[in-house]
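What follows is one structure encoded as structure tokens, with my remarks underneath.
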Amino acid sequence: MAIERKRKLDVSSTVPAGKLAKVAPTPNVGAASPMFADQASGSIFNPWNGKPYSQKFHRILDQRKTLPVWQHKEEILDALRKNQVLVLVGETGSGKTTQIPQFVLEMMTMTVAETTPGDDKRRKKMMVGCTQPRRVAAMSVSQRVAEEMDVTLGEEVGYTIRFEDKSGPKTVLNYLTDGMLLREATADPLLRSYSAIILDEAHERTVATDILFGLLKRVLRSRPDLKLVVMSATLEAEKFQGYFGGEAPLIKIPGRLHDVEVLYTAESQRDYVESAIRTVVQVHMCEGPGDVLLFLTGEEEIEDACRNIAKEIGNLVGGGQVVGPATIIPLYSTLPPALQQKVFEPAPGTRKIVVSTNIAETSLTIDGIVYVVDPGFVKRKVYDPRVGAESLQVTPISKASAEQRKGRAGRTAPGKCYRLYTEKSFDEDLQSQTDPEMVRSNLGTTFLTMKKLGIDDLVHFDYMDPPAPKTLERALEMLYYLGAMDDEGNLTKLGRIMSEFPLDPQTAKALIVSPQFNCSNEILSICAMLSVPNCFVRPPKGVARRKAAADEAKARFAHIEGDHLTLLNIYHAFKLNNEDPSWCYENFINYKAMKSADNVRQQLARIMSRYNLRMCSTEFGSRDYYVNIRKAILAGCFMQVAHLERSTGRYRTVRDNQAVHLHPSTCLDHNPQWVVYNECVVTSRSFIRTTTDIRGEWLLDIAPHFYEMENLPECEAKRVLKTLYKNRR
Ligand code: CDP
Ligand code: MG
């Protein structure tokens, strides 16, 4: 009792800002910390920043305490005190992502305060890191948690995603993408700045999370003080437990799900988007109160659907039907953060209709959803190691995904889930789980990072699910051809520098060699443009006049020799026009994307200067200005070249002799004999996107080691190259 009072005193007296580690060096403090959220009701000062708590803090705290994880707080912390690793499974929305990191932080802070009172240098070590596979989740959750802890985002609570670090010296809780933690590990292999790591959304099984599993398993051995919590939404949890030798306790947090009625369609649907829109409108017309969540696959599809739903509902009203008002909200990863936040805002007096990608399946919880419309598709990465092409494809979801989606309808009240496929199809066609990303990715970038982490044997690494041998082989081969790895499989100096850039290995190589082609300024701009979302604003379908104006604007920037050069033109024009938002608007250019490219460019430039890579340009008036740029691109992307087959008038990739088409978005006004491309997208057909005209001779000059005849499949391109070789001699 006496201690209890003393603790209270510690809190409400003076806790100076930023001196948390000095607080409460009480001996035998025991389990619960006196100064944190659950006990904070009595105190007026926030221990994290020494400021008085706001009104909002207590209101949110009351809400938080109703989340299912709060019932298990002591059980969880107790398990974590006794074990180094803990696996935690809980229904989406039970409070894992927002609450557990705060619980762990409180616990770790107490530990540090107990063992090293007053040692400010160890403050940094208290940091708790929580990984997220999705950037959007890292941003939005950190914002929410900053509010919950009543601190400013970017100070005590931060987030780190590629090209954007919103954490600082005061940060004690950081949400970061799994890819960024992997990156941090290359500089800090034992992750010494963290006292605890939380791998969230582990069921997503992204490549980065999978590698982190293997890495952390090693790190935990060298750092007995480090704690690891693995959190997931589905039932694969036993697998995670098994991976850590079965020693990690598994805590399941029962959800408080209400019943969800599942309705299947009688027949399979020909056009799932159309059918989805119809269903949503129907629900809005006929069903009782409650918000709607529709799952679609990507930005364009979502934006179109939002417009069409609004139109249909508008028509009903115009036609004299009695329907309530609706607020229609899109949600996808490339949406600007301010708009993403909209999904969490209440829309009183109207029915909220959220049209989202898979983000809303488990990463973000939207309260108030009662109706889920699930067409059964998702856009995901598919990799064909035979072809060497990685592409985003719309594919059927797994049963596990379908169940997750259904669950979104029953969080606050009994709900309904409309599956736009037949029950038979659910039973017979859907895979039970989604394959881990590891087995469907091109692992080039990952291998580079793993090498840098000191993982020598990529083949025998402790993978949770090892990639296919062909995939392994393709990735190693790619790094070898790029010069990132030597014959023995060791990282070369070039490979080391390549791994410093947050770019894929080919693009990084183009950038690193660009000074040799006297065009590093330009390649830097192109790399930056390739790293941000599409900079062209596409006016809505059906608005013909706007569309024509947008096409005209795009044509003004088009460089006939290729899309890479077009991107460069746009970047230059943006700078010449003083980064003016209204100029962007007039020219159908996405201002946000441009600002972000400019920022990325600066970051890449800093890495270049660290490695003394010269910034240079060929004189603009020179004939070689664009030639040099095209050559430098090829010097990185020489494995992505397609050749126009005379006999058929079609393109085929040189490396694998696969039929491909120029993407309709290309600015090329002709069909060059040879093109280098940035990526292959497979939809109804295989398209190569962002293509630039190159010359066959350059292949022999720039990448002779790759264009050796025995490497190439029998095809027309090979015959043409043979002639080129012969003519040289
Ligand atoms: O991670 P998990 O799915 O278990 O749940 P969570 O993301 O921690 O969300 C728990 C609750 O926090 C949600 O049900 C929301 O009420 C609230 N939340 C919010 O209001 N705003 C956010 N940006 C995130 C969560
Ligand atoms: Mg979560």
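Structure above, values below:
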read-out	value
Top-ranked residue of segment 328-348 - restricted to ones that are within 20 Å of I313 (Cβ to Cβ) and open to solvent by less than 70 Å² (accessible area, probe 1.4 Å), ranked as farthest from ligand 2 (Cβ to nearest atom)	I328
Residues satisfying the stated conditions in segment 499-516, i.e. open to solvent by less than 40 Å² (accessible area, probe 1.4 Å) and either among the hydroxyl-bearing types (S, T, Y) or closer than 17 Å to I702 by Cβ (or both)	S499, P505, Q506, T507, A508, K509, A510, L511, I512, V513, S514, P515
Scan of segment 75-118 for residues that are away from ligand 1 (no atom under 13 Å from the Cβ), modelled with pLDDT of 95 or more and not charged (D, E, K, R), ordered by number	L77, A79, L80, N83, Q84, V85, L86, V87, V104, L105
Test for S647: is it outside any strand (DSSP E or B), more than 17 Å from S520 (Cα to Cα) and not charged (D, E, K, R)	yes
Helices (runs of 4 or more DSSP H) wholly inside segment 574-639 that include at least 1 residues being over 30 Å from R655 (Cβ atoms) and small (G, A, S)	581-586, 591-610
Boolean, K65 is without any contact (Cβ under 8 Å) to a residue 60 or more places away in the chain, open to solvent by 20 Å² or more (accessible area, probe 1.4 Å), within 23 Å of L250 (Cα to Cα) and within 16 Å of ligand 1 (Cβ to nearest atom)	yes
Residue within segment 708-716 that is under 13 Å from L634 (Cα atoms) and of a type outside the set (F, W, Y) present	no
Residues (touching a Phe, Trp or Tyr at 6+ places or on another chain (Cβ under 9 Å) and within 16 Å of ligand 2 (Cβ to nearest atom)) located in segment 366-384	I366, D367
Number of the exception - T177 against (1) touching an Asp or Glu at 6+ places or on another chain (Cβ under 9 Å); (2) within 16 Å of ligand 2 (Cβ to nearest atom); (3) open to solvent by 10 Å² or more (accessible area, probe 1.4 Å)	(1)
Enumerated helices (runs of 4 or more DSSP H) restricted to segment 361-461, each holding at least 3 residues that are free of Cβ contacts under 8 Å to residues at least 24 places away in the same chain	423-428
Residue within segment 226-240 that is touching a residue at least 60 places away in the same chain (Cβ under 8 Å), at negative phi, more than 28 Å from the chain's Cα centre (by Cα) and away from ligand 2 (no atom under 15 Å from the Cβ) present	no
Any strands (runs of 3 or more DSSP E) falling wholly within segment 656-705 and containing at least 2 residues that are more than 14 Å from I633 (Cα to Cα) and among the β-branched types (V, I, T)	674-682
Answer residue from segment 349-360, given it is surrounded by 21 or more Cβ atoms within 10 Å (Cβ to Cβ) and in a loop (DSSP other than H, G, I, E, B) and is nearest to ligand 1 (Cβ to nearest atom) among those	N358
Some residue of segment 135-156 being farther than 13 Å from T98 by Cα and within 13 Å of ligand 1 (Cβ to nearest atom)	yes
Candidate set from segment 706-720 (those that are in contact (Cβ under 8 Å) with a residue 12 or more places away in the chain and in a loop (DSSP other than H, G, I, E, B)); member that is surrounded by the fewest Cβ atoms within 10 Å (Cβ to Cβ)	E714
Hits in segment 576-598 (condition: under 24 Å from P502 (Cβ atoms) and either in contact with a helix residue (DSSP H, G or I) (Cβ under 8 Å, 6 or more places away or on another chain) or touching a residue at least 24 places away in the same chain (Cβ under 8 Å) (or both))	E579, I589, N590, Y591, K592, A593, M594, S596, A597, D598
Positions within segment 532-575 being small (G, A, S) and within 20 Å of D624 (Cα to Cα), in sequence order	A558, G562
Residues satisfying the stated conditions in segment 166-195, i.e. farther than 20 Å from S363 by Cα, within 22 Å of the chain's Cα centre (by Cα) and of a type in the set (A, V, I, L, M, F, W, C)	A185, A187, L191
The lone exception for I688 - which of (1) under 30 Å from E164 (Cα atoms); (2) more than 27 Å from the chain's Cα centre (by Cα); (3) open to solvent by less than 20 Å² (accessible area, probe 1.4 Å) it fails	(2)
Selection status of T723, without any contact (Cβ under 8 Å) to a residue 12 or more places away in the chain and surrounded by fewer than 19 Cβ atoms within 10 Å (Cβ to Cβ)	yes
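Quick grid of which residues meet (1) open to solvent by less than 40 Å² (accessible area, probe 1.4 Å); (2) of a type in the set (S, T, Y); (3) within 16 Å of ligand 2 (Cβ to nearest atom):
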site: L392; (1), (2), (3): no, no, no
site: G407; (1), (2), (3): yes, no, yes
site: T412; (1), (2), (3): no, yes, no
site: T422; (1), (2), (3): yes, yes, no
site: F426; (1), (2), (3): yes, no, no
site: Q433; (1), (2), (3): no, no, no
site: P469; (1), (2), (3): no, no, no
site: L472; (1), (2), (3): yes, no, no
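Okay, residues lined up against (1) exposed (fewer than 14 other Cβ atoms within 10 Å of the Cβ); (2) within 22 Å of S499 (Cα to Cα); (3) under 30 Å from the mean Cα position of the chain (by Cα):
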residue	(1), (2), (3)
N521	no, yes, yes
M529	no, yes, yes
N534	yes, no, yes
R545	yes, no, no
G562	no, no, yes
S609	yes, yes, yes
L613	no, yes, yes
Y626	no, no, no
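The values are calculated or read from the model by the stated rules, or taken from the named source; none is laboratory data. This structure is a prediction, so every number in the text was calculated from the model and none was measured. Positions of Cβ are generated from backbone atoms using ideal geometry, with glycine treated the same way; all protein chains shown enter the neighbour counts. Ligands, DNA and RNA are excluded from the accessible area calculation, which covers all protein heavy atoms including side chains. Shrake-Rupley method; radii C 1.70, N 1.55, O 1.52, S 1.80 Å.
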